[in-house]
Amino acid sequence: MPRMAASLVAIAIIVLASIATPTLAEQTIKVKVYHAELGPFIQTLADGRRIEVEIDVYYPDTLFYRGPEEGLGTVNFTITTNWTGPWDGIVTVQVVDPGYRIDPTTLKPVESMNAWAEGGGTIGTGTLHIASGAYTGPVKNVTVVVRPHSRYFTAPAGDYVAQYFFKVRLAFFKPSGSKVLGGDVNVYTDSQTAPAVKVVVIKQPKGDEGLASSVALNAAIAAAVVATGYAVVEYTLRRRKEKH
């Protein structure tokens, strides 16, 4: 059943990098990564068993185009469950205008068609209906590359205030492979709980190839720093849980 993320609170900040990007005027973009928690959520099955899900999200507060491979940046999810059988999932990230409304049919923002960017990832096969190839561990990390829509490239250069939409759809199966009755969970944010994000639109001057090469170089550096920062946060989180 659908479950809205009622409390999405940043509990940690990591300063990743200051990335200098040459445009018509020199511009330095500072990126911070925040850690937020969705849940814990509890789904009670028809037989009385309970599925517990906790989702940690690590997201940058600023997005800008880093190249075809890196998109506008990455969002990392760590999903933890008490389920010992196979499970599958689909993770979705969208960047939309603030104050978005959720379509009750699709459980996505009504404003999705005018989104700045979008990305997704899967747990297991991501089919949600067939257990073959499903994941079986208690913890799964998913990295989502946020890729720009056409709106990003057609907008005038400048800084824009947007908002994240996070959605995690999960399906839980029996060891035999059949779907558990009541084993579907949808966790998503609304505009009241989702964090804001700054979208920086950078335009390349005509005939200037320096921006593309510089962005590609800085993206490689930033990607390495992001990976390191995420590993540190993940280790800290794991140590914290081990103490309990």
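Tabulated values for the structure
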| item | result |
| --- | --- |
| Segment 33-166, accessible surface, carbon-and-sulfur percent (1.4 angstrom probe) | 55 |
| Extension gain (nm, one decimal) between Thr106 and Thr84, 0.36 nm per residue minus Cα-Cα | 5.0 nm |
| Residues whose placed amide H lies under 5 Å from that of Val180, excluding near-sequence neighbours | Phe172, Phe173, Lys174 |
| Probe 1.4 Å, protein heavy atoms only - accessible area per residue of segment 115-169 in square angstrom | 45 |
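The values are calculated or read from the model by the stated rules, or taken from the named source; none is laboratory data. Treat the numbers as computed from the prediction; the structure is a model and nothing was measured. Just so you know, the surface numbers come from the protein's heavy atoms only, side chains and all, with ligands and any DNA or RNA stripped out. Shrake-Rupley method; radii C 1.70, N 1.55, O 1.52, S 1.80 Å.
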